[in-house]
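Just below is one structure, and these are the notes that go with it.
Coordinate-derived values only; no laboratory data. This one's a predicted model, so the numbers in the text were calculated from it and none came from an experiment. Using ideal geometry, Cβ is built from the backbone for each residue, glycine included, and neighbour counts are taken over all protein chains shown.
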Amino acid sequence: MDRILYTAMSGAKQCMDRQAVLSNNLTNVSTTGFRAELFAARAVPVQGEAATHTRVSSVASTPGSDFSPGPITTTGRPLDVALDPRGWIAVQAKDGSEAYTRRGELQIDSNGVLNIVGRPVIGEGGPVIVPLDSQLSIGADGTLGAIGPGQGPDAIVDVGRIKLVDPGEQRLRRSDDGLFRMPENEDGEILPLPRDEEVRLVSGSLEQSNVSAVEAMVGMIDAARHYEMQLSVISHVDENDQRANSLLSIQG
């Protein structure tokens, strides 16, 4: 009976983990540039002294993220950008490392630093700094043009260039801070990607999350039902154990 309990318990745990992944995806259904997290489980034989070929347990696997593009919406805001499907924006994480995002809501802080949700955007040689109170325009290759207050279009000057990269398919890994990074190399180091001159962006637009709210809700209902099934197995096993103990305790 303990083998059945272990199998049902492992299945219930994986259902809870799946619910957590789906809940996080559903929470970010309106987050621009969000990439849905994937979840998968596989059956493996029970290990240890209780191992038997008739019992298996569930083990979670993390295949990564869904990198399919989300829908593009037009905002008309000059500092909103949407990238082509293979491009990513380089930003500086809190620990100073280089990370990547497809979230295109650019902002300018009080120091003139171009950032995305508080994370400085990396340009040529470090974070991009633009003149305060200037009118900015962004070219398709990430070049930033600024026009000072009271000046005409002829006074536009280049003030930097956003670093755009192409990591290739399925190479990036999501970190705990929500940003994406390259995996470690053979020396255990995470090297920054070089600028890709072919990546393009569109100003005045944003890419929405690629999470389908309907699919996420259906998945949560399915995971909840599977969880209830596992608990039902545990409950029946417990009842059978109690009946067996009662039979053994009968004194003739």
Length-normalised contact order of the chain, Cα under 8 Å, at least 6 apart, in percent, tallies to 27 percent
In deg cm²/dmol, rounded to the nearest 500, the helical mean residue ellipticity at 222 nm of the chain, built from -39500 (n - 2.57) for every DSSP H run of length 4 or more, is -9000 deg cm²/dmol
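Starting with the highest mean, order 227-234, 159-166 by the number of other Cβ atoms within 10 Å, averaged over the residues of each peptide.
Working: 227-234: 15.2, 159-166: 21.2.
Put in order of decreasing packing, that is 159-166, 227-234.
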The residues Thr31, Thr143, sorted from fewest to most surrounding Cβ atoms within 10 Å, come out as Thr143, Thr31
The exposure ranking of Asp187, Asp17, fewest beta-carbon neighbours within 10 Å first, is Asp187, Asp17
In degrees rounded to 10, the 0-90 angle between helix 213-248 Cα long axis and the longest Cα principal axis of the chain is 20 degrees
Over all directions, region 68-109 yields a Cα convex hull whose mean projected area in nm² is 3.8 nm²
With +1 on the Cβ of every Lys and Arg and -1 on the Cβ of every Asp and Glu, the dipole magnitude of the chain about its Cα centre, in debye rounded to the nearest 20, is 580 debye
Rounded to two decimals, the Debye log10 I(q)/I(0) of region 72-207 (Cα scatterers, no solvent) at q = 0.10, 0.16 Å⁻¹ is -0.32, -0.80
About its Cα centre, region 107-201 carries a charge dipole, from +1 on Lys and Arg Cβ atoms and -1 on Asp and Glu Cβ atoms, whose size in debye to the nearest 20 is 260 debye
Computed over region 72-207, the relative contact order (Cα-Cα under 8 Å, seq sep at least six) in percent reads 33 percent
In the chain, taking the dipole from +1 charges on Lys and Arg beta carbons and -1 charges on Asp and Glu beta carbons about the Cα centre, the listed residue (Ala140, Ile129, Ser175) farthest towards the positive end is Ser175
